[in-house]
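What follows is a set of notes on a single structure, which appears directly below.
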Amino acid sequence: MSFQVMLQQLFRGFGSTLMIFCLTLLFSLPLGLVIYFGRVSRFKPLSLVVKCYISVMRGTPLMLQLLLWYFGPFYLWGMNIGNYKFTAIILGCSLNYAAYFAEIYRSGIESIPAGQYEAAQLLGYNRQQTFMKIILPQMIKNVLPSVTNEVITLVKDTSLVYSVSYIEMFALAKQIAAAETTVMPFFIAGVFYYIFNFVVAWGMEWFEKKLNYYH
């Protein structure tokens with residue numbers, strides 16, 4: 001197989017990697033905020049359940065969670081999982097990363113001085129207005145470096161979906177390397193991952209600079 005053909009095949013696999021990355025972020029970022037509210041809820045049973053959920057998500061490997069989400073419905077309910085693979089991947093990745101984002105959001109919100117809430121109260125803001133107009137923008141600025149680290153990790157974690165036999169860039173690289181008995185596909189895949197991470201890091205840094213007016 002020529003280098004050009006190898007490059008074209010891995011580029012097509014990169015499309016699947018990019019889709020997993022984008023959909024996981026699309027669902028996990030807002031879901032993390034919902035989980036945060038459950039985590040700090042004054043309703044203790046809900047708070048306890050959410051704490052347990054976060055503990056399990058952060059305490060077990062993502063690969064294991066993907067396997068459970070994919071094979072679980074078959075073993076529990078006899079469900080036909082033939083067309084369920086991509087759904088299981090997005091579900092597993094989104095729920096895993098939402099737990100991490102929830103804790104990042106919590107650290108960002110708890111770092112905001114109490115005076116911010118008092119000032120909002122003096123201005124006549126209710127709780128919802130205080131959170132949306134004062135707390136949330138500052139929280140986003142505070143947590144952006146931590147979120148960037150998680151997003152970069154997600155780029156690399158997309159390779160774990162090979163565990164449920166989903167064909168994306170890393171799985172293709174393994175197949176080509178085995179068929180052609182060469183490590184070249186892994187080097188090419190590594191370059192793709194590096195460039196992707198570089199673009200993501202640059203984009204997050206640009207966004208962080210746009211929020212510098214909070215300082």
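The values are calculated or read from the model by the stated rules, or taken from the named source; none is laboratory data. Everything numeric here is computed off the predicted structure, so don't read it as measured data. All Cβ positions, even for glycine, are placed from backbone atoms using ideal geometry, and neighbour counts span all protein chains on display. Ligands, DNA and RNA are stripped out before the accessible areas are found, and what is left, the full protein with its side chains, is counted by its heavy atoms. Shrake-Rupley method; radii C 1.70, N 1.55, O 1.52, S 1.80 Å.
Chymotrypsin sites (Phe, Trp or Tyr not before Pro) within region 28-60: which are DSSP loop residues with at most 13 other Cβ atoms inside 10 Å? Present the calculation step by step, with values, prior to reporting the outcome.
Working: sites: Tyr36, Phe37, Phe43, Tyr53; in loops: Phe43.
Loop-located and lightly packed - Phe43.
Evaluate Rg over Rh across region 82-122, taking Cα atoms for both radii and Kirkwood's formula for Rh. Mind dumping the intermediate values first?
Working: Rg = 17.8 Å, Rh = 12.9 Å.
That ratio equals 1.38.
So for the chain, Kirkwood radius off the Cα pairs, Stokes-Einstein at 25 °C and 0.890 mPa s: how many µm² s⁻¹? Could the numbers behind the result be given before it?
Values: Rh = 19.5 Å.
Translational diffusion coefficient: 126 µm²/s.
Which lysines, if any, have their Cα less than 19 Å from the Cα of Lys209, not counting same-chain residues under 8 positions apart?
Lys141
Could you give the length gained by full extension between Lys174 and Phe71, i.e. 0.36 nm per residue of separation minus their alpha carbon distance, to one decimal place? Don't skip to the end; give the middle numbers.
Numbers: separation 103, 0.36 × 103 = 37.08 nm, distance 2.29 nm.
34.8 nm is the gain from fully extending Lys174 to Phe71.
Highest mean first, what order results for 191-204, 147-160 on Cβ atoms within 10 Å? Mind showing how you got there, number by number?
Details: 191-204: 14.4, 147-160: 18.5.
Per-residue Cβ counts within 10 Å, averaged per peptide and sorted highest first, yield 147-160, 191-204.
Evaluate the charge dipole of region 120-215 about its Cα centre and quote only its size in Debye, nearest 20, assuming +1 on the Cβ of each Lys and Arg and -1 on the Cβ of each Asp and Glu. Provide the component values of the computation, followed by the final result.
Numbers: 7 positive and 6 negative charges, 98 e Å.
I would put it at about 460 debye.
In percent, what relative contact order does region 57-159 have, based on Cα pairs under 8 Å that are 6 or more apart in sequence?
Reported relative contact order: 26 percent.
Could you grab the relative contact order for the chain? Cα pairs under 8 Å, six or more apart, rounded to a whole percent. All intermediate terms of the calculation are to be shown ahead of the outcome.
Values: 193 pairs, mean separation 62.9, N = 215.
With pairs under 8 Å counted, the relative contact order is 29 percent.
For region 161-215 and region 48-76, compute the distance between their C-alpha centroids and round to whole Å.
25 Å
Return a whole-number percent for the relative contact order of region 90-215, with Cα pairs under 8 Å and 6 or more residues apart as the contact set. Provide the component values of the computation, followed by the final result.
Values: 65 pairs, mean separation 29.8, N = 126.
So the answer I get is 24 percent.
Note the full-extension length gain between Ala119 and Lys133 as 0.36 nm times their separation in residues minus their Cα-Cα distance, in nm to one decimal. Don't jump to the answer; show the numbers that get you there.
Details: separation 14, 0.36 × 14 = 5.04 nm, distance 1.22 nm.
Working it through step by step, the gained length comes to 3.8 nm.
Within the accessible area of region 104-214, what % is carbon and sulfur when the probe is 1.4 Å and the other protein chains stay in place?
Numbers: 3940 of 6390 Å².
That share works out to 62 percent.
Just in region 35-108: which trypsin sites (Lys or Arg not before Pro) are loop by DSSP and have at most 15 other Cβ atoms within 10 Å? Could you put the intermediate results ahead of the total?
On the way: sites: Arg39, Arg42, Lys51, Arg58, Lys85, Arg106; in loops: Arg42.
Hits after loop and neighbour filter: Arg42.
Take each of the peptides 107-114, 18-25, average the number of other beta-carbon atoms within 10 Å over its residues, and list them starting from the highest.
On the way: 107-114: 13.0, 18-25: 17.6.
For the peptides 107-114, 18-25, the packing ranking is 18-25, 107-114.
In debye, nearest 20: dipole of the chain around its Cα centre with unit charges on the Cβ of K, R (+) and D, E (-)?
Numbers: 15 positive and 9 negative charges, 104 e Å.
Charge dipole, the chain, about its Cα centre: 500 debye, nearest 20.
Please work out the average accessible area per residue across region 77-190, using the 1.4 Å probe convention, and give it in Å². Present the calculation step by step, with values, prior to reporting the outcome.
On the way: 5660 Å² over 114 residues.
Solvent-accessible surface per residue comes out at 50 Å².
What's the extension gain from Leu46 to Thr87 if we count 0.36 nm per residue and subtract their Cα-Cα distance? List each step's numbers first, then the result.
Details: separation 41, 0.36 × 41 = 14.76 nm, distance 2.65 nm.
Length gained between Leu46 and Thr87: 12.1 nm.
Per-residue ellipticity at 222 nm for the chain, helices alone: DSSP H runs ≥ 4 residues times -39500 (n - 2.57), over residue total, nearest 500 deg cm²/dmol?
Values: 9 runs with 169 residues, N = 215.
Helix contribution divided over all residues of the chain: -27000 deg cm²/dmol.
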